[in-house]
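A quick write-up on the structure given underneath.
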2 protein chains.
Amino acid sequence: MSLTPRIAIDAMGGDVGVRMMLAGAAMARHQHDGLRFLLVGDEGQIKAALENHPNLRAASDIIHTEEVVSGADKPSQALRKARGSSMGLAIDAVKRGAAGGAVSAGNTGALMAMAKVALRTMPGIDRPALAALLPTLGDNDVVMLDLGANTDCDANNLVQFAVMGAAYARTAMGLERPRVALLNIGTEELKGTDEIRDAAALLRDRAEGLPMRFAGFIEGDKLSRGDVDVIVHDGFAGNIALKTIEGTARFVTDLLRRAFTSSTRSKIGFLISRPATELLRHHLDPNNHNGAVFLGLNGVVLKSHGSADAKGVANCVHLCAELIEKDITRQVTEDLANFRGGTAA
Amino acid sequence: MSLTPRIAIDAMGGDVGVRMMLAGAAMARHQHDGLRFLLVGDEGQIKAALENHPNLRAASDIIHTEEVVSGADKPSQALRKARGSSMGLAIDAVKRGAAGGAVSAGNTGALMAMAKVALRTMPGIDRPALAALLPTLGDNDVVMLDLGANTDCDANNLVQFAVMGAAYARTAMGLERPRVALLNIGTEELKGTDEIRDAAALLRDRAEGLPMRFAGFIEGDKLSRGDVDVIVHDGFAGNIALKTIEGTARFVTDLLRRAFTSSTRSKIGFLISRPATELLRHHLDPNNHNGAVFLGLNGVVLKSHGSADAKGVANCVHLCAELIEKDITRQVTEDLANFRGGTAA
């Protein structure tokens, strides 16, 4: 693998449009010199968008296609047009080794299904997981997984997510032995579903031999505290938790805006403390944490949020480059092999 | 039932202590003239606490017991000491008709188990649900249920929760036809688990004949928007959502505090806009929404939050009085009968 990775960009997927995807890629290239790109999509639109980014143009090749996976396509429909679509060709570039990783802002379910078929899951992995970084009050972000479409997970799935999440935290955040917790409705051993309790028993038994520390159960009110580095859950609970975080952060900032505009006095106070509230805004801006990664696949595929701005896309592309350079795929494969090697079953 | 209800207070349950429970009851009586009380617990401690509240003392009788259900007791252990404990005797007072309702800040699982055994569930109800009110950006709070220990729920359970939640919203918030939604990981019909999709199909079919409107699925980022009046989920998803709301609100306000104390300038701005941030604090203070009610039981039992202050306890007692006066038990029973009456099955 090259030291200056090449990234396949699905230029057409998602609502953000070609211009935003390429503006993001261009911005990432400014931060990450030497990055090269395969831009996949309508050549005319891509060339038009590249006119504003000569730096990106010089580092890019174009793969032309007019076919696009839409947000409304079910994964099964997406699979039928896999080969020809911008999303499918971007993943195919990873499969062929023409790119070290792919970034798409398209339909998450379709991306997961197509990546799974093209790149295949790692040995022993039934389901890839989608992992994202969330801000905390601590020094580091926290890895949350699964945020994909795995609504029902058994104990083994959850344990695999834990091992993969820990490998991700080591790679992306440079932690030696990340603290891993299972999301649950209480911290006592007897709380929660059978799947969660069984996963905890397996991790308690087996985590010691691995580069991770099992921290037991964590409840919803502690997700952003920074007490742990990886939080594991099925795709249903993860979706509820992640969207509730988004909604509540917006709720509180909306209340704050209302409060600050409720009187002349508070408006003046707001203007004076503007640098402080800007800091808050920066910290809560989801664009600063954009980029969810599929773990458990033989290749690096990242999902950029459908409504990310150029800075958000740039963060996702930057994360993709970092994961390629640090060889996340090998890290995860090795950790899973070590985990299985130590299991009696 | 008397027009000035009598409420049984478990004076010993929870971490808050006798003094806080009685300070809350006294505060509620100031707002709600004519309320009477049965104070259940250690007579010596209760009498000592009553010295500060002559108004409450005049309206109260005491039921003495030294036995207390602890936070660590499992529901099965709690059931064994049910009869003699302050929690058990408070519920028993409701069963005997000596009180119109009971309030406890004790162990939620024990309270649910004891109330279920003593008061029995309504006809056709397998599991009582725990319902709480959450603040929104809209004019009204939103009812969330189940927040109890029903981690696995089938479609019928969820439908029963929907009917009971709508009855609660009509009674507590005076709405004619509350909008009811199911918490899910997407709004399309195909999203989510079988249980949720089946519950949606039943509600789509049958809600029209009832005093409620079925609003489909709602995602975690819309819980606090005020777009619906009742949000239905199993106890697992509800716990994750509710605790994530709590934790995220605290996370954002912690960030805000950090931001406001990050420079002299922002400190000055903060002092000037203090009335605004106090408004925010008031809106987010969980004490203003304290009081979760068990629905589906033949009697009114409310759970006060374990860490509520006197104002929080007062809100819970006040809510209990209101639900007794408006005869929530009859409302829920009738709605459930109407729903069953219209069901082919």
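Using a Gaussian network model of chain A whose springs link C-alpha atoms within less than 10 Å, name the residue from A:R257, A:R120, A:R265 with the highest mean-square fluctuation.
Comparing A:R257, A:R120, A:R265 in the GNM, the peak value goes to A:R265.
If eta is 1.567 mPa s and T is 4 °C, what Stokes-Einstein diffusion coefficient results for chain A, Kirkwood Rh from Cα pairs, in µm²/s?
Stokes-Einstein gives a translational diffusion coefficient of 62 µm²/s.
Per residue in the range B:259-276, which ones lose no less than 20 Å² of accessible surface when going from chain alone to all protein chains (1.4 Å probe)?
Output list: B:A259, B:F260, B:R265, B:S266, B:G269, B:I272, B:S273, B:P275, B:A276.
Would you kindly give the portion of the calculated P(r) for the protein assembly as shown that falls above 32 Å, as a percent of all Cα pairs?
It works out to 56 percent of all Cα pairs.
Shortest first and in nm to one decimal, what separations exist between B:K267 and its copies in the other chains, measuring from label points 7 Å along the Cα-to-beta-carbon line?
2.8
Probe of 1.4 angstrom, ligands and nucleic acids ignored: what's the accessible area per residue over the protein assembly as shown, in square angstrom?
41
For B:L297, which sequence-distant residues (separation of 5 or more, or a different chain) have an amide H within less than 5 Å of its own amide H, given hydrogens modelled in the peptide plane?
B:M122
With a point put 7 Å past each Cα toward its Cβ, work out how far B:D61 is from B:R265 in nm, to one decimal.
6.7
Give me the one-decimal nm value for the distance between modelled label points at A:K74 and B:D327, 7 Å along each residue's Cα-to-Cβ direction.
Taking the simple label geometry, A:K74 and B:D327 are separated by 4.9 nm.
Report the FRET efficiency, 1/(1 + (r/R0)^6), for A:D139 and B:R83, where r is their Cβ-Cβ distance and R0 is 56 Å, rounded to 0.05.
Numbers: r = 52 Å, r/R0 = 0.93.
E between A:D139 and B:R83, to the nearest 0.05, is 0.60.
Read phi for every residue in the range A:99-106 and hand back ³J(HN,Hα) as whole Hz from Karplus 6.51 cos²θ - 1.76 cosθ + 1.60, θ = phi - 60°, with x for Gly and Pro.
In residue order, the calculated couplings are 9, x, x, 10, 10, 9, 9, x Hz.
At a probe size of 1.4 Å, how large is the accessible area of B:R274, to the nearest 10 Å²?
110
Give me, ordered by chain and number, the residues 5 or more places off A:S70 or on other chains with an amide H under 5 Å from its own placed amide H.
Amide H to amide H, under 5 Å and 5 or more residues apart or across chains, A:S70 pairs with nothing.
Have a look at the DSSP beta bridges in the range A:127-286 and tell me what percent are antiparallel, nearest 5.
Values: 3 of 13 bridges.
In the range A:127-286, approximately 25 percent of DSSP beta bridges are antiparallel ones.
Which of these, B:I218, B:I62, B:I240, has the largest mean-square fluctuation under a Gaussian network model of chain B (Cα springs below 10 Å)?
Residue with maximal mean-square fluctuation among B:I218, B:I62, B:I240: B:I240.
Quick check: convex hull over the Cα atoms of the range A:127-286, volume per residue in Å³, rounded to an integer? Intermediate values should be presented prior to the final figure.
Values: hull volume 18.0 nm³, N = 160.
Here the figure is 113 Å³ per residue.
Can you list the copy-to-copy distances for A:E189, using a point 7 angstrom from Cα toward Cβ, in nanometres, shortest first?
Label-point distances to the other copies, shortest first: 4.7 nm.
Express the carbon and sulfur contribution to the solvent-accessible surface of the protein assembly as shown as a percent, rounded to the nearest whole number, probe 1.4 angstrom.
Exposed carbon and sulfur together represent 49 percent of the surface.
Please list, in order along the range B:30-44, the HN-Hα scalar couplings obtained from phi with the Karplus expression 6.51 cos²θ - 1.76 cosθ + 1.60 (θ = phi - 60°), rounded to whole Hz, x for Gly and Pro.
Whole-Hz 3J(HN,Hα) from phi for the range B:30-44: 5, 7, 10, 4, x, 4, 10, 9, 10, 9, 10, x, 5, 4, x.
Over the range B:126-288, what is the relative contact order in whole percent, taking alpha-carbon pairs under 8 Å and six or more residues apart?
It comes to 28 percent, rounded to a whole number.
Name the residues of the range A:185-204 whose accessible area falls by at least 50 Å² when all protein chains are present instead of the chain alone, probe 1.4 Å?
A:I185
7 Å along Cα→Cβ for the label point: how many nanometres lie between A:D327 and each equivalent label in the other copies, listed shortest first?
Going from nearest to farthest copy, the values are 7.6 nm.
Of all DSSP beta bridges in chain B, what percent run antiparallel (nearest 5)? It would help to have the intermediate numbers written out before the result.
On the way: 9 of 36 bridges.
Of the beta bridges lying entirely in chain B, close to 25 percent run antiparallel.
Give the residue from A:T171, A:T187, A:V117 lying farthest towards the positive end of the charge dipole for the range A:85-209; charges sit on Cβ (+1 for Lys and Arg, -1 for Asp and Glu) and the dipole is referred to the Cα centre.
A:V117
Tell me what chain B gives for mean residue ellipticity at 222 nm when only DSSP H runs of n ≥ 4 count, each as -39,500 (n - 2.57), the sum divided by the residue total, rounded to 500 deg cm²/dmol. List each step's numbers first, then the result.
Numbers: 13 runs with 165 residues, N = 345.
Helix contribution divided over all residues of chain B: -15000 deg cm²/dmol.
May I ask you to list the residues of the range B:29-49 whose amide nitrogen lies under 17 Å from a point 7 Å from Cα along the Cα→beta-carbon direction of B:A98?
B:36-44, B:46-47
Return the value, in Å² to the nearest 100, of accessible area buried between chains B and A (probe 1.4 Å, both sides summed).
Rounded to the nearest hundred, the buried surface is 4600 Å².
The values are calculated or read from the model by the stated rules, or taken from the named source; none is laboratory data. Being a predicted model, the structure only gives us computed values, none of them experimental. For neighbour counting, all protein chains shown are included, and Cβ atoms are generated from backbone atoms with ideal geometry for every residue, glycine included. For accessibility, only protein heavy atoms count, side chains too; no ligands or nucleic acids. Shrake-Rupley method; radii C 1.70, N 1.55, O 1.52, S 1.80 Å.
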